[in-house]
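Following: one structure in structure tokens, then a few remarks.
All of the numbers you see were taken from the coordinates with simple rules; none came from a lab. Only a predicted model underlies this, so the values are computations on that prediction, with no experimental measurement involved. So basically every Cβ, Gly included, is an ideal-geometry build from the backbone, and we count neighbours across all protein chains shown.
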Amino acid sequence: MKIRIALLILFFLPGSLYAQQKWNLKSCIEYGLKNNRNTVVYANEKKVADAKAKEALADYLPKINVTGTFDNNLKVQQSVIPAGVFGPDPIKVAFSQKYNTNGTIQLDQTIYDQSLLTGLKANKYNSQQADLNIRQSEETIIYNISNAYFHIYVYRDQLRLLKNNLECYQKQMDISSLQVKKGVALGKDLDKVTVDYNNAVSQIRVAESNLILAENQLKYEMGYEIAAALPVDSTSQEDLKSSTVVNSDNNDFIVTNRTEYQLSEIDTKLLEIDQKRIKAGAMPKLTGYARYGAVGFGQTLGPAFNDLSPFSAVGLKLTIPLFDFFKRNAQYNQARYKSMNATETLKLNADKYQLEYENARTKLIKAQSNMENDKHNIDLAQSVFNTTDLQYQKGTTDLTDWINARNSIKDAQNSYLNSLYSFYQAKIDLEKASGTLKTFYTSL
């Protein structure tokens, strides 16, 4: 019995530990990279690229075809031997019989086809393109999970501040209620505090709803079950605020770090290969073949299948395209202009990504400064409120000043929360603009 109990404990212990796990940002991203549906999609795209490479290579491998025919010549065709060959009169003769069978097996091997050889060069770039698509998918997962995670962190901070405000209003409501009962305060003073209290309750409900929505969004981005609990540990993000320092004079942007830019480079190279492949289509193609077969004839079915005459041949086939110049030239011009546009687009993208980086860096610098300033304003507003609250208790100021001082704290808190979210958004946007989202993930 004791052994069974021990086994049951060991069986359920991992699940309990998993349920109690606190999910920090890195563990959420790690889970998402393994379980997000897009991971499967782009992994399959990689397999598609590998299959395309094999398909392209197969055009240069031997091909074997087997062909069989059976003819029932309802009326046998006759040919005419001219007069003077076997007599003075022309002679009609049939060179076939009613039933005719023919079976052939042929092997074809491409010996030289420059267009195929040129096309094979695309296999390497197709494979690289599939790998980059996987990387881009991973970067998107990292970005989306980080964004949803930071929403949770901000909403939790908002709830903490709102509950502190609610507690303060509750205490003041109790004091004002007692003062009204004693006749030393008017009912409107209690009503003023009650209005602020009710507003705080409504704001808490909205924040709680927003938190649930953010948690569901995070679960979706992770590929996590929506109905399951996800205890998120957002306290670890305090380190990110203090560790982020952006030097406004430093510009270490490298455009080739951007996955999108690398994909554009590959598109340009693929278009160049396609251009060369079309041009190579004008060159001769040499193919070798070997053929073996048997043919049978008969006025009845039996001899047509039983009395077969074998034949075989080997040879070379040279194909020289002569009169498809106009079509091929049109195709070549299309590919050339597409390649030229891709090259220009690559240059435009380099400038666009540089602009995105500069804008993201500027936003992060401003967001970090605003966040620190707004956090300091909360401390100042709290200090003013503490003084006003003490004065109110001593009767040297009225409730209006007390409410105004409390509202100043709320305003400072709202500004701080907005700047806090802007900071996290700017942080992850800068990582995306720099092409360093995976580095950001591994450094957490």
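Computed over all pairs of different Cα atoms, the Kirkwood value for the hydrodynamic radius of the range 130-222 is 16.0 Å. Here the calculated FRET efficiency for Leu301 and Gln109, from their Cβ-Cβ distance with R0 = 25 Å, stands at 0.10, rounded to the nearest 0.05. Between Leu159 and Glu208, residue separation times 0.36 nm minus the direct Cα-Cα distance comes to 16.9 nm.
By other beta-carbon atoms within 10 Å, ranking Arg37, Arg258, Arg336 with the fewest at the front produces Arg37, Arg336, Arg258. The ranking of Arg205, Arg291, Arg277 by Cβ neighbour count inside 10 Å, starting from the fewest, reads Arg205, Arg291, Arg277. Plugging the Kirkwood radius over Cα pairs into Stokes-Einstein for the range 249-301, at a temperature of 4 °C and a viscosity of 1.567 mPa s, what D comes out in µm²/s? Diffusion coefficient, whole number: 75 µm²/s. In plain terms, the residue of Cys168, Cys28 with the fewest other Cβ atoms within 10 Å comes first and the most crowded comes last, giving Cys168, Cys28. Helical content of the chain, expressed as a calculated mean residue ellipticity at 222 nm, amounts to -24000 deg cm²/dmol (DSSP H runs of 4 or more residues, -39,500 (n - 2.57) each, divided by residue number, nearest 500). If r is the Cβ-Cβ distance from Gln77 to Lys438 and R0 is 51 Å, what FRET efficiency results, to the nearest 0.05? That pair, Gln77 with Lys438, gives E of 0.10.
Note that the range 39-186 carries a Kirkwood radius of 25.7 Å, evaluated over its alpha carbons pair by pair. Solvent-free Debye calculation, one equal scatterer per alpha-carbon of the range 109-176: log10 I(q)/I(0) at 0.16, 0.25 Å⁻¹ equals -0.77, -1.01.
Distances over 41 Å make up what percent of all Cα-Cα pairs in the chain? Percentage above 41 Å: 54. The modelled label-to-label distance between Ala94 and Phe70, using points 7 Å beyond Cα along the C-beta direction, is 1.9 nm.
For the range 259-376, a Kirkwood radius taken over Cα pairs fed into Stokes-Einstein (20 °C, viscosity 1.002 mPa s) yields D = 102 µm²/s.
Of the residues Leu444, Asn370, Thr110, the one whose Cα sits farthest toward the positive end of the charge dipole of the chain, with +1 on the Cβ of Lys and Arg and -1 on the Cβ of Asp and Glu, is Thr110. Provide the FRET efficiency to the nearest 0.05 for the Arg336-Asp50 pair, computing r from the beta carbons and using R0 = 41 Å. It comes out at approximately 0.90.
Diffusion coefficient of the range 328-436 by Stokes-Einstein, Kirkwood radius over Cα pairs, 10 °C, 1.306 mPa s: 88 µm²/s. Take the Cα of Asp233, step 7 Å toward its Cβ, do the same at Thr397, and the gap between the two points is 4.2 nm. Sorted on the mean count of surrounding Cβ atoms within 10 Å across their residues, most packed first, peptides 136-149, 293-306, 405-418 read 136-149, 405-418, 293-306.
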